[in-house]
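Everything on this sheet refers to the single structure shown next.
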């Protein structure tokens, strides 16, 4: 006789086993959190090149698709290259990846070889001529405040005090502190510097390895996509897999559309700012344009973040052009927000200004600058998922899905009819005039009215008496004149 286990006991045993596993995991999470974090950091440091490679490949995918779809494949089709070759698609992909890497490397080389040295020179010039700029600012304040010399004197004293305090801080505090810290702690500083240099070298090495990994990812991105989708449909139900794949595609479109569009938009804004600053003869046009263009990547707050340091730089060098620069930045941001941005960011995130500010504040506090950049698309994806789940739940309950239908809802009947809410002014119940509370308050009210009448009568009577006295009293000039006349008559007699 064969033993046949019952499904009931199997399910009970499986439940007990999974419960024990969950308890062990909870124990390790609560009491071994330090070891878990150390293990995760170790895995993160080992797989850092792979993560960098995936991020680089993801960011270069739109450029690769553009080059392959618009240039390389039409060229192969036009010239009939490898029409019957089974590896024709591999050759197209290889050439597209090579062109993509060349374009990216060329852009980075041009940026670091032309823009960075000029930015460094501009910063060095600002630091070396700091005293000259403060003196120019003082002279400008004095010349513009001739009509108000006291205000001009106060403002120039503020600038002089600030510059003298800055010089005193650098000469009396900062430099001696640096000397006192450097000499006794030279070994610690050398070890810190060496560890920092090692970290920088490791970062560069991880980037190089990640670039190599990104080449393989770009070359076989279709195979990665096929394998991922295949796993989804293998381990998930068909409807769940369909929703998951659709959500992943929506997330990809939102992220890549927003980030790519923002980079292009910021580059255009930086170029327009540079040429406009050259036309307006603004000082340090390249440095100011780079600050404005880079900070423009941050939604909503980016223009203000970039305008503040740029205005301060121009204010130090040429105070008269600072107001012109502020007006120009306002006009440029209006053009960007109303014309350039909507044209490039065709697929809007679809979230309101409140959620944009919320996303930047939350993710910026958690992940700093990177969080401010990715916070908006992440929030857009989360809100979209919540919206989809809400619509599916409402559809199952046979309720309307449009948000406009739920304005001023009083209640929804079982048949699905919406009854609007109508405000009815509450009826006030009249107090019983024979009640003890009513008579008590009425007595107090009558007493207050009598007191008020007495006080008013007293003040009116007092004021009338004062008026009578003023009218009956002789004037000082007349009395003095009569007394002087009497004195003169007595002297004459």
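The values are calculated or read from the model by the stated rules, or taken from the named source; none is laboratory data. Note that the structure is a prediction, hence the values are computed from the model and not measured. Cβ: placed from backbone, ideal geometry, glycine included. Neighbour counts: every protein chain shown.
Within the range 80-122, count every residue that is assigned to a helix (DSSP H, G or I) and over 30 Å from residue 286 (Cα atoms). Steps first, answer last, please.
Taking the range 80-122 and keeping what is assigned to a helix (DSSP H, G or I), we get 88-122.
Within this subset, residues satisfying the condition of being over 30 Å from residue 286 (Cα atoms) are 88-98.
Counting residues in the range 80-122 that are assigned to a helix (DSSP H, G or I) and over 30 Å from residue 286 (Cα atoms) gives 11.
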(request) Quick one: residue 348 ticks every box in (1) at pLDDT below 80; (2) in a helix (DSSP H, G or I); (3) under 29 Å from residue 297 (Cβ atoms) except a single one, so which number is it? (result) (2)
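Out of curiosity, is residue 66 at pLDDT below 80 and assigned to a helix (DSSP H, G or I)? Show your work before the answer.
Working: at pLDDT below 80: no; assigned to a helix (DSSP H, G or I): yes.
When the stated conditions are applied, residue 66 does not pass them.
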(request) Give me the pairs, please: first residue somewhere in the range 114-126 and closer than 12 Å to residue 291 by Cα, second residue anywhere and part of a helix (DSSP H, G or I), beta-carbon distance under 6 Å, and either six or more positions apart or on two chains. (result) 119/287
(message) Given (1) assigned to a helix (DSSP H, G or I); (2) surrounded by 11 or more Cβ atoms within 10 Å (Cβ to Cβ); (3) without any contact (Cβ under 8 Å) to a residue 24 or more places away in the chain, identify the lone condition not met by residue 55.
(response) (3)
(request) Could you pull out the residue among 261, 270 that is assigned to a helix (DSSP H, G or I), touching a residue at least 40 places away in the same chain (Cβ under 8 Å), touching a helix residue (DSSP H, G or I) at 6+ places or on another chain (Cβ under 9 Å) and surrounded by 15 or more Cβ atoms within 10 Å (Cβ to Cβ)? (result) 261
